[in-house]
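The values are calculated or read from the model by the stated rules, or taken from the named source; none is laboratory data. Predicted model, so just to flag it, every value in this text is computed and none were measured. Ideal geometry is used to build each Cβ from the backbone, glycine not excepted, and the neighbour counts take in all protein chains shown. Remember, those area values only see protein heavy atoms, side chains included, never the ligands or the DNA or RNA. Shrake-Rupley method; radii C 1.70, N 1.55, O 1.52, S 1.80 Å.
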Amino acid sequence: MELEGATIVLTGATTGIGRATAVALAQRTRRLIVHGPQSPTQVTDLMNQLRAGMRAGGGVVYLQADYGELEAVGRLTEGIRSATDRIDVLINNAARPGAPARTLSRDGIELTLQTNYLAPVALTTTLLELMPTGRIVNVASATHLSATLHLNDLELARHAYAPSTAYALSKLALVTYTCWLAKNLPNPSIEVVSMHPGVIATDLLHAMFSIGGDSVEYAAANLLEVASLSGDNGTYYDERVPAPPNPIAQDPETQTRLHQLTTNLLGRRA
Ligand SMILES: NC(=O)c1ccc[n+]([C@@H]2O[C@H](COP(=O)([O-])OP(=O)(O)OC[C@H]3O[C@@H](n4cnc5c(N)ncnc54)[C@H](OP(=O)(O)O)[C@@H]3O)[C@@H](O)[C@H]2O)c1
């Protein structure tokens, strides 16, 4: 996928890896649509930085949506549709650490699962119609490798809750969805992959783990490298290297069951 001249949607662009990726993309792409949970007035510094980096004729748009509210994802889709009639690359990067204690969203759904899994799935599903060709990159995490996908308890109502457990489960769901979507894309000109961007020193990492990490620029370079590849539909990347995902994610029965549960959850409101 050629990023130069592309129209790119990047979620979670306000801080961390997403922000560094947006800054790097501004210098390469033609049209950049960035998202975050913050209001437009809170991101004027970011937008000034992105506009200053864009080539002549390029454009950048910011859209706000808090994934803790599914209706906001619908409004985000509408905002993207107003900004463009075609997307070349969709990067689902936005995510949150597991909440300190199990928390329900405004939709009555466990907040980590909704933010890191259901919201990007809802966004992707509705944006596919703007992608006659293109590429979807789902930013997952190596933590998914040690997670369990409780298909009878995705929201951890009955299993022990811990922030890192909820986070890893949400990322395993995202990798499983990626494997499912790779086989169920509306046309063969679209490719979808998932990736671990690296262990990166960000607020998200430090909210759950007391470890250091590489720079956000390092992760952004990994992300852009994976975004620019092709011919790899369904692949999981550990940084830039194709790697086997959790076998759970590759199990067709699990994928189908998760898809059914996801459809049910997205149809549910508090
Ligand atoms: N850091 C790591 O070591 C690491 C490792 C593996 C995977 N990842 C993945 O890499 C991606 C980027 O993470 P990061 O480390 O850069 O974290 P980060 O610095 O916390 O950035 C996360 C981004 O998602 C946004 N976000 C958070 N809650 C949201 C919500 N409710 N609705 C919409 N957007 C929301 C944040 O917005 P605000 O900050 O503006 O509120 C920010 O733009 C995530 O998918 C993460 O799971 C990171």
How long is the gain from Thr148 to Thr103 if the chain were fully straight, where each residue apart is worth 0.36 nm and the alpha carbon distance is subtracted? 14.3 nm
So which trypsin sites (Lys or Arg not before Pro) in segment 87-194 end up in coil per DSSP with only 13 or fewer other C-beta atoms within 10 Å? Arg158
Taking the chain as a Gaussian network, Cα atoms linked when under 10 Å apart, which of Thr178, Thr254, Thr112 shows the biggest mean-square fluctuation? Thr254
With 0.36 nm assigned to each residue of separation and the Cα-Cα distance removed, Ala162 to Gln49 gains 37.0 nm
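Note down the relative contact order for segment 133-243 as a percent, whole number, built from C-alpha pairs under 8 angstrom at least six residues apart.
On the way: 162 pairs, mean separation 35.2, N = 111.
Across segment 133-243, relative contact order equals 32 percent.
Can you tell me the relative contact order of segment 191-260? Whole percent, Cα pairs under 8 Å, sequence separation 6 or more. Please report the intermediate quantities before stating the final value.
Numbers: 73 pairs, mean separation 25.5, N = 70.
The normalised contact order for segment 191-260 reaches 36 percent.
Pull out the extension gain between Ser210 and Arg86, defined as 0.36 nm times the separation in residues minus the alpha carbon to alpha carbon distance; nm, one decimal.
Working: separation 124, 0.36 × 124 = 44.64 nm, distance 4.12 nm.
Roughly 40.5 nm would be gained on extension.
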Where only protein heavy atoms count, and the probe is 1.4 Å, what is the accessible area per residue for the chain in Å²? 41
For the pair Glu217 and Leu229, the simple spin-label estimate (label points 7 Å beyond Cα toward Cβ) gives in nm 2.4
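Arrange the peptides 35-42, 59-66 so that the one whose residues have, on average, the most other Cβ atoms within 10 Å appears first. Intermediate results must be reported in sequence, preceding the final value.
Details: 35-42: 15.6, 59-66: 19.5.
Top of the packing list down: 59-66, 35-42.
Filter the trypsin sites (Lys or Arg not before Pro) in segment 33-101 to those in DSSP coil with at most 13 other Cβ atoms within 10 Å of their Cβ, and list the result. Can you show the working numbers first?
Values: sites: Arg51, Arg55, Arg75, Arg81, Arg86; in loops: Arg55, Arg86.
Filter output for segment 33-101: Arg55, Arg86.
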quick note, the chain, DSSP beta bridge pairs, % antiparallel (nearest 5) is 15
Once Lys and Arg get +1 and Asp and Glu get -1 on their Cβ, which of Ala142, Leu172, Thr14 lies farthest toward the positive end of the dipole of the chain? Thr14
Distance in nm between Ala243 and Thr133 label points, each 7 Å along Cα→Cβ, equals 3.1
How many Å³ per residue does the convex hull of the Cα positions in segment 194-255 occupy? 102
How large is the charge dipole for segment 7-266, taken about the Cα centre, if only the Cβ atoms of Lys, Arg (+1) and Asp, Glu (-1) carry charge, to the nearest 20 debye? 440
Would you mind calculating the relative contact order of the chain from Cα pairs under 8 angstrom and at least 6 residues apart, reporting the percent as a whole number? 19
When the accessible area of segment 7-266 is split by element with a 1.4 Å probe, what percent falls to carbon and sulfur? 51
Any idea how far the Cα center of segment 144-197 sits from the one of segment 69-137, in Å? 14
